[in-house]
1. Give the relative contact order (percent, whole number) for the range 182-249; include only Cα pairs under 8 Å separated by 6+ residues.
2. Any chance you could give the angle, 0 to 90 degrees and rounded to 10, that helix 105-123 forms with the longest Cα principal axis of the chain?
3. Would you kindly derive the ³J(HN,Hα) couplings of the range 129-139 from the backbone phi angles with the Karplus curve 6.51 cos²θ - 1.76 cosθ + 1.60 (θ = phi - 60°), listing them in order in whole Hz, with x for Gly and Pro?
4. Could you check how much of the accessible area of the range 6-173 is carbon and sulfur, as a whole percent, using a 1.4 Å probe?
5. I'd like the distance between the alpha-carbon centres of the range 365-409 and the range 340-359, rounded to an integer number of Å.
6. Could you give me D for the range 6-173, from Stokes-Einstein at 25 °C and 0.890 mPa s, where the hydrodynamic radius is the Kirkwood radius over C-alpha pairs? Units µm² s⁻¹, please.
7. Using 0.36 nm per residue, how much length does the chain from Asp177 to Arg363 gain when fully extended, once their Cα-Cα distance is taken away?
8. Out of all Cα-Cα pairs in the range 245-345, roughly what percent, to the nearest whole number, are more than 23 Å apart?
Amino acid sequence: MIPVTDNDVQRRKDFLGITAEDERILREAHPLVVEHGARIIEQFYTWLLSNEPQRKLLSGPGVLERLKDLQRVYFERLLSGPWGKDYFEDRVRVGLAHHRVGVPPEWYLGAYDRYLAIVSDVFRPAFGADEARYRRTLEAVRRMVTLDLGLAMDAYIGAGRDELVAGQAELAVLLEDQKRLQAAKQTLTDMIVHDLQNPLAGIRAFLELLGGRIGGLTAQEGEAVGEALRRCDDLGQMVMNVLQVSRAETGRLETYIENLDAARIARDTATAYRLFAESEGRVIDVEAAGVVPIRTDQNLLRRVLANLVRNAIRHTPRGTRILIRAAADPSGGATVSVSDTGGGIPPQALPLLFERFAAQALREAGLRVDTGLGLAFCGAAVATLGGRIEAESDGRSGTTFRVTLPPAP
Ligand code: HEM
């Protein structure tokens, strides 16, 4: 509750021009509110209950009876005083009570306006022809009502500020928790990735040993070893994707920027995947003539292209043609793209593809598009490189993933 000092009491009264004369006039009129209290309350409630939302707020068991008594006391005190520190604290408390039960300031102001109208009406006959005294009395009541209102509104603002401060403190705690969780997740991801890499390298080494036993394996066995090696590579890429997406999220994805030829990287990717694509019934073409100069991180760009090509092989029907392109971009940078002639992706799914939780977001959007972490890695890696990645598809005839990398600074 806002503390009220003797200084506040005098300052507020001075500001509103409330003098000892006003207080004397109010005390003189006090018997009138006692005499007409029931009528004032009755008219006040006719107004309060004429508004549906207000009626609803007052509909709890016994609320009306309790309130009528409390308000009668309140209105009597408005005219009887004494208007010292206790009075001020009471008004602040009542203001806070209204803030707590959810009475908006607009209702509060409206209610006081109504109260003044009722009092003007009820007091009128008591002053007979003494118009000047009547006006002066109403003037004193109006000043005291303004004082009450000022206190109540300050109580509202103070309570709102307290809530804000409490909310901010709560938010700061949540943020701390979030940071701790993020750090724990990071450590866990790093540990899992590290622990997976070792056995994977071991399996790979054994498979290579097995595959090298020329003559010792039947053609079918050789094929099986080759397939197992490819699965190992897939798993290795997945593990790297997990690691690098998590690093990119926390700005820990390290890059080594150098002058490169995007056309060469495109051609290399085509060569690296051509045999595998053919064994899976897809064809890989490349359109990357000459040199396409670029300044970027070689590793990341190669991995982005590899992910896009592997995706194109995995998610298209046999007979699909995959085209890898690299070209200079009018902006001075370079564009590398991977297109396929597969079944396409629903256009509504395109903006969600590079999200970390794309699979979930797509499912929630009612779309059946199979995505792993590969595209999330591509999104995070391209963002780290300061570039842009987009997917284009009409949902029927193929998809193009385009990476635009910025010119050298
Ligand atoms: C002239 C304006 C008003 C005055 C003087 C006034 C007066 C009071 C007083 C003295 C209390 C008791 C506070 C306490 O001691 O805890 C109270 C409570 C309350 N007032 Fe007002 N009030 C006014 C306007 C309104 C309005 C517009 C509403 C809207 C519906 C409202 C709804 C309530 C409610 C819901 C409570 C709490 C009742 C309970 O559950 O105890 N008041 N009011």
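The values are calculated or read from the model by the stated rules, or taken from the named source; none is laboratory data. Every value quoted in this text rests on a predicted model; they were computed, and no experiment measured them. Quick reminder, even Gly has a Cβ in these numbers, built from the backbone with ideal geometry, and neighbours come from all protein chains shown. Calculation scope for accessible area: heavy atoms of the full protein, side chains included, ligands and nucleic acids excluded. Shrake-Rupley method; radii C 1.70, N 1.55, O 1.52, S 1.80 Å.
1. 52
2. Compared with the principal axis, the helix lies near 10 degrees.
3. 8, 7, 4, 5, 5, 4, 4, 5, 5, 4, 4
4. C and S atoms contribute 56 percent here.
5. Answer, in whole Å: 8.
6. Answer, rounded: 142 µm²/s.
7. Values: separation 186, 0.36 × 186 = 66.96 nm, distance 2.88 nm.
Difference between extended and current length: 64.1 nm.
8. Considering the range 245-345, 32 percent of its Cα-Cα pairs are separated by more than 23 Å.
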